[in-house]
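Notes follow once the structure below has been shown.
The values are calculated or read from the model by the stated rules, or taken from the named source; none is laboratory data. This one's a predicted model, so the numbers in the text were calculated from it and none came from an experiment. Using ideal geometry, Cβ is built from the backbone for each residue, glycine included, and neighbour counts are taken over all protein chains shown. Quick note on the areas: whole protein, heavy atoms, side chains included, nothing else; ligands and nucleic acids left out. Shrake-Rupley method; radii C 1.70, N 1.55, O 1.52, S 1.80 Å.
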Amino acid sequence: MPPPKDVVKIAIQMVGAIPQLIELQQSKPLAAVLKDVCDAWSLPNAEHYALQYVDGRQTYITESNRREIKNGSILRLTTSPDQEAERLYSGIQSKNVDVKTDSLKKLASLSQDVTFAQEFINRNGLKQIYSIVEEGNDTGEMLAHTLKAFTELMEHDFVSWENLSTVFIKKIVSYVNMNAVDASIQQLSLSILENMVPTSRLLFELVKKEVTLDRLLTHLQATNAQLQLKAMALLIALLLTATNAERRDMMDYLREKNIRQFIHKNIIHSSEPLGDEMAHYLYVLQSVSLNLCEHRMRTSMDPYSQEQRELLQSLRQTAFESENEAPASNFSTERRRSLCAKEFRKLGFMNNSNPAEDLRRAPPGLLALDNMVYFSRNTPNAYSRFVLENSSREDKHECPFARSSIQLTLILCEILHVGEPCSETAQAFYPMFFGQDHFFKELFCLCIQLVNKTWKEMRATQEDFDKVMQVVREQITRTLALKPTSLELFKTRVNALNYSEILKLRQTERLHQEETLAVPVLELRERLKPELLELIRQQRLLHLCEGTLFRKISSRRRQDKLWYCRLSPNHKVLHYGDVEEGVESPPIESLTEKIPVADMKMLLVGKECPHTKEKSSGKQNKDVLELAFSIVHDVEEYCLNFVAPTRYEFCLWTDGLNVLLGKEMTSERTQTDLDVLLSMELKLRLLDLENVSIPDNPPPIPKPPSNLNFCYDFSHAEQ
């Protein structure tokens with residue numbers, strides 16, 4: 001007979017004593033449980049003791065988390081958090097260097113526990129931490145433990161970062177700016193500053209002033225990958241917290257220092273594989289840089305601006321100045337106006353008498369004008385060839401340069417997400433972005449020539465303009481998906497993807513997606529579905545058995561902390577636990593936490609998850625919401641919370657958990673996989689019917705013959 005729900009069987013250890021095996025009644029006060037345990041070992045003052053997990057993060061057991069204890073858990077009887085906090089508070093003030101160092105080391109370890117951290121902070125322990133940093137000149141092991149303890153204590157958000165003194169901050173800054181200091185201390189110092197920057201404008205300004213961009217670039221060039229990562233994290237924090245004007249100035253300075261080329265050569269193409277966090281930071285750096293175009297993109301052309309009118313006129317002059325035999329100044333005003341209107345029409349402006357009207361639409365606004373001017377000045381031969389070639393075509397077949405440029409700029413803004421806020425989890429950056437200083441404009445220069453090429457391949461007329469631009473969008477999107485490492489490679493691949501190739505790809509995809517709608521085939525599809533759905537279920541469970549590495553994300557910043565979860569081979573228990581960076585697939589025995597599948601009650605996704613509701617007061621992140629799911633187990637108050645690394649993992653895990661719960665698989669990936677499998681299976685089954693039309697209705701059965709005297713006599717044939 002299984003034990004009641006509120007009773008768990010556990011083991012309790014103590015150094016120098018025989019372990020106790022007890023049945024823990026969850027309804028019994030924790031103080032009473034501790035009294036019974038202490039009495040069994042004849043220990044007085046039970047209030048001075050506490051229970052703590054032996055494995056994992058060694059969390060203290062409290063009334064608030066005791067329900068997380070599972071059958072078979074191993075606990076340790078240890079000093080209570082308040083007693084331990086008092087002891088370490090005294091230890092870090094010791095004059096004995098060894099005692100002080102050991103106390104700080106233990107403090108750094110225990111500060112991960114929220115109960116201990118609260119007790120230590122209540123004793124004004126942070127003040128002692130401040131003193132050690134502010135007054136000490138040591139840069140060795142003691143300082144590393146001190147900074148680690150400080151970081152862990154601040155993680156719990158009991159104390160505001162704004163309470164830090166200027167002296168303390170400048171001391172942390174000095175460790176970042178020193179040359180002869182241990183790399184671990186610099187990493188911790190950079191991490192502290194990264195956490196500090198987003199919390200206050202004053203702290204941002206102080207850190208920005210004290211830690212120069214040159215110093216961060218020096219750390220980025222370090223061979224230590226972790227130091228490089230922390231320096232990039234601080235740089236990104238500064239960029240995200242800065243105002244638009246400050247961000248533009250910072251990006252201009254970084255461009256002068258060739259940061260993109262350095263990243264392209266030494267980080268992206270490094271011999272070491274790129275980690276998830278660095279990929280995220282590169283994505284953010286790319287996004288921040290592209291968003292500098294947003295202001296021009298959202299600004300309409302002002303027809304009364306002398307500067308903007310001159311830019312517009314420069315397009316006409318560059319293309320046609322050599323065509324005119326006499327200078328335009330010799331013509332009458334009316335003749336000059338007529339000539340300009342004709343030339344603007346040849347340039348492809350819709351409103352040739354007042355071309356500024358074409359640029360009033362925002363987006364793309366002035367960004368389209370910037371791109372056209374850049375193209376005309378940096379590739380004048382290609383620009384003149386584009387304009388003059390189309391000027392000589394028949395009117396209905398000419399490719400309008402200006403109209404195409406305006407629409408292409410809008411397409412590129414949409415593809416590259418210009419003006420959209422950065423995601424907190426995305427890692428999709430384009431390696432070729434870091435190979436160019438003027439990436440957006442250089443990409444435009446390649447793509448506007450692609451428009452002209454595709455226009456000719458399609459033999460398009462003005463009525464086909466939207467169709468041409470749809471094909472160009474598809475060419476760019478498909479090529480970018482291949483992640484070319486340079487613009488030259490992008491140019492080669494996008495030019496190879498001509499209109500006929502696009503048609504072939506579309507036809508192939510249509511054949512994959514569209515099956516014949518004949519009734520017999522539809523009936524066959526329905527018959528095959530249960531078998532293929534079972535195949536998908538087995539694949540999902542197999543994926544859960546292999547396990548996945550999940551990242552813990554706090555409301556304030558991305559975390560380094562990782563944990564792994566996998567299903568047991570017999571599909572009866574979920575195993576999970578914290579793991580270190582670099583561990584690909586930990587053995588199931590090392591995952592100390594367990595949830596029996598039989599105890600799982602429900603699967604929550606998105607906004608229903610408790611870990612997304614907790615952060616609802618802040619700015620809700622769309623990406624985290626789309627990747628969040630939780631398992632409700634035992635009673636509804638206790639959940640195991642997940643944030644999947646990708647949408648693919650989210651789909652596989654939610655499907656697999658629904659299978660374990662005996663429910664239908666509901667993710668979009670299920671439908672996609674089912675369609676692929678059905679398509680393959682149908683093609684195999686219908687292989688013999690190729691080029692045979694399948695009627696919607698079965699052919700009629702003929703009437704019975706008037707007699708059955710048509711049996712062939714084989715005996716005559718044998719003779």
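Solvent exposure of the stretch 530-671 amounts to 50 Å² per residue of accessible area, where only protein heavy atoms count and the probe is 1.4 Å.
In the structure shown, the pairs K127/K594; K170/K483; K257/K622; K171/K561; K148/K601 are assessed against 32 Å; a Cα-Cα span above that value is assigned to K127/K594; K170/K483; K257/K622; K148/K601. In this structure, I69 and R506 have a Cβ-Cβ separation that, at R0 = 51 Å, corresponds to a calculated FRET efficiency of about 0.30. Dipole size of the chain about its Cα centre, with +1 on Lys/Arg Cβ and -1 on Asp/Glu Cβ: approximately 1520 debye, rounded to the nearest 20. Computed from Cα positions, the angle between helix 366-378 and the longest principal axis of the chain comes to roughly 70 degrees. The tail of the calculated P(r) for the stretch 128-255, taken as Cα-Cα distances beyond 19 Å, holds 46 percent of the pairs. Residues of the stretch 265-294 falling in the label zone of Q221, defined by backbone nitrogen less than 11 Å from a point 7 Å along Cα to beta-carbon, are absent. Taking the convex hull of the alpha carbon positions in the stretch 1-130 and averaging its projected area over all directions gives 9.0 nm².
Rolling a 1.4 Å probe over the protein heavy atoms of the stretch 83-270, with every protein chain left in place, gives an accessible area that is 47 percent carbon and sulfur. Taking 22 Å as the straight-line reach from the Cα of K28, the lysines in range (excluding those fewer than 8 positions away in the same chain) are K5, K9, K70. Only Lys, Arg, Asp and Glu carry charge here, each on its Cβ (+1 for the first two, -1 for the last two); on that basis the stretch 7-79 has a dipole of about 180 debye about its Cα centre.
Given R₀ = 30 Å, what would the calculated FRET efficiency be for H156 paired with D214, taking r from the Cβ atoms and rounding to 0.05? Working from the Cβ atoms, E equals 0.30. To the nearest 10 degrees, how steep is helix 276-290 against the longest Cα principal axis of the chain, on a 0 to 90 scale? Orientation of helix 276-290: about 40 degrees from the principal axis. Taking amide H positions as modeled 1.01 Å from N, with prolines and chain starts lacking one, the residues under 5 Å from V7 and 5 or more places away or on another chain are Q26.
For the chain, the 222 nm mean residue ellipticity estimated from helices alone, with every DSSP H stretch of n ≥ 4 adding -39500 (n - 2.57) and the total spread over all residues, rounds to -16000 deg cm²/dmol. Of all aspartates and glutamates in the structure, the ones whose alpha carbon falls short of 20 Å from that of K95, not counting any fewer than 8 places away in one chain, are E84, E86, E134, E135, D138, E141. Taken one residue at a time, the phi angles of the stretch 676-681 give Karplus couplings (6.51, -1.76, 1.60, θ = phi - 60°) of 5, 5, 4, 4, 5, 5 Hz. Gly and Pro are set to x. On the beta carbon distance between E531 and L661, with R0 = 30 Å, the FRET formula returns roughly 0.85. As a fraction of the 1.4 Å probe accessible area of the stretch 530-671, surface on carbon and sulfur atoms comes out at 53 percent. Kindly report the accessible area of the stretch 153-282 per residue (heavy atoms of protein chains, probe 1.4 Å, no ligands, DNA or RNA), in Å². Ligands and nucleic acids excluded, the result is 44 Å² per residue. Accessible surface area normalised per residue over the stretch 416-490 is 42 Å², counting heavy atoms of protein chains with a 1.4 Å rolling probe. Solvent-free Debye calculation, one equal scatterer per alpha-carbon of the chain: log10 I(q)/I(0) at 0.05, 0.08 Å⁻¹ equals -0.40, -0.86. Of all aspartates and glutamates in the structure, those lying under 16 Å Cα to Cα from K467, and not within fewer than 8 positions of it along the same chain, are E398, E457, E501. Relative to its residue count, the stretch 530-671 spans a Cα convex hull of 109 Å³ per residue.
Taking the accessible area of the stretch 7-79, probe 1.4 Å, and keeping the other protein chains in place, the carbon and sulfur fraction comes to 52%. Shape verdict for the stretch 7-79, please, from the Cα gyration tensor: rounded (a/c under 1.5), prolate (a/b greater than b/c) or oblate. Verdict is rounded for the stretch 7-79.
Under the criterion of Cα pairs below 8 Å and six or more residues apart, the relative contact order for the stretch 530-671 equals 21 percent.
Between the helical axis of 465-480 and the longest alpha-carbon principal axis of the chain there is an angle of about 40 degrees.
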